[in-house]
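Here is the structure we will look at, set down as structure tokens.
The values are calculated or read from the model by the stated rules, or taken from the named source; none is laboratory data. Please read these numbers as outputs of a predicted model, since none were measured by experiment. Because the Cβ atoms are built from the backbone with ideal geometry, glycine has one as well, and the counts that use them run over all protein chains shown. Surface accessibility is based on the protein's heavy atoms, side chains included, excluding ligands, DNA and RNA. Shrake-Rupley method; radii C 1.70, N 1.55, O 1.52, S 1.80 Å.
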Amino acid sequence: MSTPEDEERLSPLAQRWPRASKFLLSGCAATVAELATFPLDLTKTRLQIQGEAALARLGDGARESAPYRGMVCTALGIVQEEGFLKLWQGVTPAIYRHIVYSGGRMVTYEHLREVVFGKSEDKHYPLWKSVIGGMMAGVVGQFLANPTDLVKVQMQMEGKRKLEGKPLRFRGVHHAFAKILAEGGIRGLWAGWVPNIQRAALVNMGDLTTYDTVKHYLVLNTPLEDNIVTHGLSSFCSGLVASILGTPADVIKSRIMNQPRDKQGRGLLYKSSTDCLIQAVQGEGFMSLYKGFLPSWLRMQSDWITQGHPMRPSTAFSKEESNPDHLP
């Protein structure tokens, strides 16, 4: 006769360690998605950093001579000037970042949902709990992944530095981590973490609220049912809102992470995220905060449609179930 210990030992791995299994599966899916959409991320970063007004203060040639070229021309320019494979420059730390962020976010959200918030008496998980839990989980995941995000952004700009005749900063991923750690210490690995977690919170808030609202509206007011079409339309709208809310913080984050630093690891262009925001608006105009918006939105869209979102409400519903006047 088998004992509970024997049954637990013979049960599938996913049942014995559900959160570890989810972390692993999320990491695998994130890796595939990262490889497929990384050129959009690289293009986004190049556009966000292009034309920085703050560079004029360094006296090394003022602003960049390259014009603002848009998403397609920037991507084609990278291929022509640096080579096709340079569209994936920085993909290794990006994979590290995606695994840490996605896994950490999912595990944190699961813990918040099951232990901290819990379901209501009718076994329903309210939207406000989903939004707050999603924002908190996004902040935790992004904070943990900040060192990999920092290395990713700096490596994405190495090809541009080479074209401008500037010396390369790193020989590879591990050299980048070691150099940043040596120059700025542990704190140096978390440069730009404030706008980074602000972006994560705003993106998750915009995504969750918009997705659920649009999905309910479509199911209740159109002939559509709760299916892949509804999911796609809801993802389209939620990705748009999330990008609108999160892109300014993303631009600030990229600029702070990429700015030149002194021997103590202190930034030479910006004192803080607020200083970066003010300089960008004063020197380049308000719309400079939305540089790289299109590739950012497209990348977010492709990721969320193909992978789904681990923090979206997963319970399907129908018109009858959502209509309080429905009688069986």
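Pairing each residue of region 116-130 that is at pLDDT below 80 with any residue that is open to solvent by 100 Å² or more (accessible area, probe 1.4 Å), provided the two are 6+ apart or on different chains, yields C-beta distances under 7 Å for TYR125/LYS119. Just for region 75-107: of the residues that are of a type in the set (A, V, I, L, M), open to solvent by 20 Å² or more (accessible area, probe 1.4 Å) and under 16 Å from the mean Cα position of the chain (by Cα), which one is modelled with the lowest pLDDT? Of everything passing the filter in region 75-107, MET106 is modelled with the lowest pLDDT. So for region 256-273 (the condition being aromatic (Phe, Trp, Tyr), at pLDDT below 95, in contact with a Leu (Cβ under 8 Å, 6 or more places away or on another chain) and surrounded by 12 or more Cβ atoms within 10 Å (Cβ to Cβ)), does at least one residue qualify? The answer is no; no qualifying residue exists.
Scanning region 201-219 for residues that are of a type in the set (D, E, K, R) and closer than 17 Å to SER102 by Cα gives a single hit, ASP207. Just one of the numbered conditions (1) open to solvent by less than 40 Å² (accessible area, probe 1.4 Å); (2) modelled with pLDDT of 90 or more is not true of THR222: (2). Beta carbons closer than 7 Å, at least 6 apart along the sequence or on distinct chains, pair a first residue in region 239-264 that is on the phi < 0 side of the Ramachandran plot and touching a residue at least 60 places away in the same chain (Cβ under 8 Å) with a second that is in a loop (DSSP other than H, G, I, E, B) and of a type in the set (Lys, Arg) for VAL251/LYS291.
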